[in-house]
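Worksheet: one structure, shown below.
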Amino acid sequence: MQYDEFVASKRLKFEPVGFDTQFEINPMLFDWQADIVRWALRRGRAALFEDCGLGKSFQQIEWAQHVHMQTGGNVLILAPLAVSQQTIRESAKLGYTIHLCKTGDDVKDGINIANYERLHHFDAEDFAGLVLDESSILKGMDGIMRRQITDFGEQIPYRLACTATPAPNDLIELCNHAEFLGVMSEMEVKALFFTQDGNSTQKWRLKGHATNEFWSWMATWSVALRKPSDLGYEDSGFILPACNVHQVTVDLSDDNFDNGMLFNDVLAVGLTEQRAARKASLDDRVAAAAELVNNSDAPWLVWCDLNAESEALTKAIPDAVQITGSDSPEYKEQTMMAFTDGSIRVLVTKPSIAGFGMNWQHCANVAFVGLSHSYEAYYQAIRRVWRFGQKNEVNAYIITSTADGAVTKNIERKEKQAMDMFDEIVSRMSIYTDVHGSGRDEMQYQEDAAYGPDWTLYLGDSVHTMRHIPDESVGLSVFSPPFPGMYVYTNSPNDMGNVATLDEMINQFRYLMDREHMYRIMMPGRNVCIHITQLTARKSIDGYTGMKDYRGAIIRMMEDIGWIYYGDITIDKDPQVKAIRTKDHGLMFKSLANDSAKMHVAMADYILQFRKPGDNPVPIRAGISEKYGNPDGWVTNEEWIEWARPVWYDIRETDVLNVVQARETNDERHLCPLQLPVIERCVKLWSAPGETVYSPFAGIGSEGYQALKLNRKFIGCELKESYWKSAIANLKRAEQERSAMSLFDLMAAD
């Protein structure tokens with residue numbers, strides 16, 4: 001197909017898939033609940049981020065009922081353990097029937113419900129609609145369950161995600177909901193709204209200029225709600241009673257805890273210190289909790305974080321029943337329902353087991369005998385009882401030791417982040433707007449050009465802008481193409497990094513390198529130098545952990561077009577830097593200790609050298625240059641002795657244009673800039689002073705910056721406008737530095 005047809009085929013259309021019907025909503029729902037359900041039905045795919053007790057169960061059941069009625073297809077609700085039984089009870093209040101399923105054989109006409117753990121027993125083709133109850137299960141960026149749910153839902157046209165806590169401590173986890181709903185992929189969201197936070201591929205933060213756009217975009221496909229008045233309704237019946245949080249602190253003596261410091265009253269900051277403090281204070285914390293619970297006849301919910309805490313609490317509280325991770329699903333479900341019915345007065349368990357989805361308003365007393373760093377776990381655990389429908393004031397006791405302050409402060413910080421997040425979405429609430437107007441906010445394609453005395457920089461797609469470059473006019477092309485699956489720079493379909501698979505990237509890359517484009521503009525006998533690294537395969541995405549042969553795929557593609565594979569250079573990489581930057585388990589000491597069969601060496605970078613067939617019309621004679629002289633135009637014998645080696649060991653990963661730029665400006669940093677010494681060597685070896693160097697992926701202008709400083713000319717192209725503008729500034733800076741160097745040479749000669 002033609003290139004424009006290929007690009008169009010990549011465009012992930014996000015058309016509303018809902019219903020334009022005027023729905024009669026069950027009268028059991030409040031007006032504001034009915035409005036949300038109507039909006040979600042028109043949307044077809046939506047997320048409900050509503051606080052605990054606002055009736056998400058009623059809303060998702062009503063949504064599922066209408067999807068079934070409109071399509072005639074079945075709907076599946078996925079829920080945590082015990083929440084399934086609770087949802088079935090709620091559906092009876094609405095006059096509906098929900099079928100509890102363990103496998104696909106149990107599916108019946110209408111609404112069905114199953115626990116998340118049993119998803120693999122079902123076939124997505126059997127359902128027209130899918131509801132995620134407590135959809136915060138999607139929070140894991142590389143979680144197997146998250147990928148399984150997303151892949152399962154991809155085949156189902158109508159989807160609803162419901163949770164009270166959409167991972168507020170890490171904004172990018174919200175992207176997982178967008179990916180599940182088909183709004184935009186995780187990689188596209190990163191490209192559009194986020195930038196790397198530090199020198200890591202795992203940490204991201206919102207771009208400063210994209211903050212408003214991000215929250216406005218979120219509001220097009222999600223509802224965030226803390227109380228009905230957030231939508232302009234009365235809060236009558238939805239005003240929470242007081243929640244009194246009591247801090248109970250037990251002292252750690254020097255006899256049972258040594259933090260390695262002169263004074264033991266210092267906070268346990270590191271994880272090792274925190275574990276030691278938790279162990280040392282266990283007996284005292286359990287005793288404090290038991291005193292509270294045993295002196296009361298009321299129901300109590302006692303949360304812990306460690307198995308030792310759970311066992312000790314159950315022994316210290318005579319009528320306590322515990323649920324542990326090793327208990328069977330049937331036992332967990334029966335015990336939680338027994339606490340719901342009042343058959344059990346005191347329940348001891350972990351938030352990870354029973355902290356999601358359950359309605360326990362009959363209980364107003366909560367004790368936390370162990371806290372993790374998870375704000376979500378803390379919030380969900382306390383909201384099992386402090387929720388709309390609670391008749392009494394809630395008393396929550398946080399029982400910690402004098403050394404646990406670091407954990408408490410971390411929870412408080414994340415709580416503030418959560419409130420800020422809800423403020424942002426609520427302020428941009430858009431359920432009353434036309435849902436058909438909300439789309440992908442895709443980057444608009446545009447073309448432009450900037451010029452200097454010895455350079456031209458195009459804005460746009462290189463396949464298109466290459467039409468401006470004359471035949472056989474480029475002496476060298478050196479560039480680093482996108483690494484598919486590793487980085488995405490924009491959410492434009494023109495972006496070669498914005499692909500689903502390696503094969504798709506190679507298919508698009510082929511248009512750039514074919515005989516009508518790169519092959520056409522290169523001088524015969526001259527070189528194209530492509531900088532790449534091999535790609536990793538992730539089990540959550542690819543089904544296995546290993547490597548993908550990006551290098552081999554490019555070589556096969558280039559040879560198929562007609563290029564001559566002429567050589568390659570291996571660029572050494574520091575495995576420790578790689579491990580920190582990419583979190584590659586195959587490089588970590590933990591994997592070495594646990595199972596060294598999983599270890600692999602650090603991935604190197606490569607320069608792949610390809611020649612265009614034919615005789616070079618202008619030989620590159622090192623050391624001969626009447627116009628420019630020798631300082632930057634040739635390679636010394638000593639340099640060639642080092643550069644002729646198949647492995648370059650002396651390239652520093654941080655020697656990039658970004659480092660200089662980050663110190664001087666607030667411009668957006670490039671995700672993966674090519675090291676300046678690599679560009680310098682390629683330019684010196686394979687081009688002559690005065691010749692044109694070309695980069696189809698100019699980024700922030702690294703190749704042009706070096707080419708100009710080495711007295712070459714430069715033509716480049718960049719798709720992303722912010723990078724294009726940064727590149728213009730860097731090319732102008734290279735001109736100034738070159739002029740300063742020439743003036744210095746002239747003064748030295750005098």
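Pull out the extension gain between Val618 and Ser596, defined as 0.36 nm times the separation in residues minus the alpha carbon to alpha carbon distance; nm, one decimal. Could you put the intermediate results ahead of the total?
Details: separation 22, 0.36 × 22 = 7.92 nm, distance 5.31 nm.
Between Val618 and Ser596, full extension yields an extra 2.6 nm.
Suppose the chain between Ala287 and Phe589 were pulled fully straight at 0.36 nm per residue; how much longer would it get relative to their current alpha carbon spacing?
Computed gain between Ala287 and Phe589 is 104.8 nm.
For an R0 of 25 angstrom, estimate the FRET efficiency from the Cβ-Cβ distance between Glu125 and Thr21 and round to the nearest 0.05.
Working: r = 25 Å, r/R0 = 0.99.
So, using R0 = 25 Å, E works out to roughly 0.50.
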Sparsely packed chymotrypsin sites (Phe, Trp or Tyr not before Pro) within the range 502-575, loop by DSSP, other Cβ within 10 Å at most 12
Tyr544
Under the 7 Å Cα-to-Cβ spin-label approximation, Ser722 and Met69 lie apart by a distance in nanometres of 4.6 nm
So what are the ³J(HN,Hα) numbers for the range 50-62, from phi and the Karplus equation (6.51, -1.76, 1.60; θ = phi - 60°), rounded to whole Hz, Gly and Pro as x?
10, 5, 4, x, 8, x, 4, 4, 4, 5, 6, 5, 5
Just to be sure I understand the model, the point goes 7 Å from the Cα along the line to the Cβ. What's the resulting Arg652 to Gln2 distance in nm?
5.0 nm
Taking H as built 1.01 Å from N, whose amide H comes closer than 5 Å to the amide H of Asp514, not counting residues under 5 places away?
Tyr519
Which of the trypsin sites (Lys or Arg not before Pro) found in the range 21-120 are in a DSSP loop and have at most 16 neighbouring Cβ atoms, other than their own, within 10 Å?
Lys102, Lys108
In nm, to one decimal, how far is the modelled label at Asn637 from the one at Ser296, with both set 7 Å along Cα→Cβ?
8.8 nm
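None of the figures in this text is laboratory data; all of them are computed from the coordinates on show. This is a predicted model, so every value here is computed, not measured. Please note: Cβ atoms are built from the backbone with ideal geometry, for glycine as well, and neighbour counts cover all protein chains shown.
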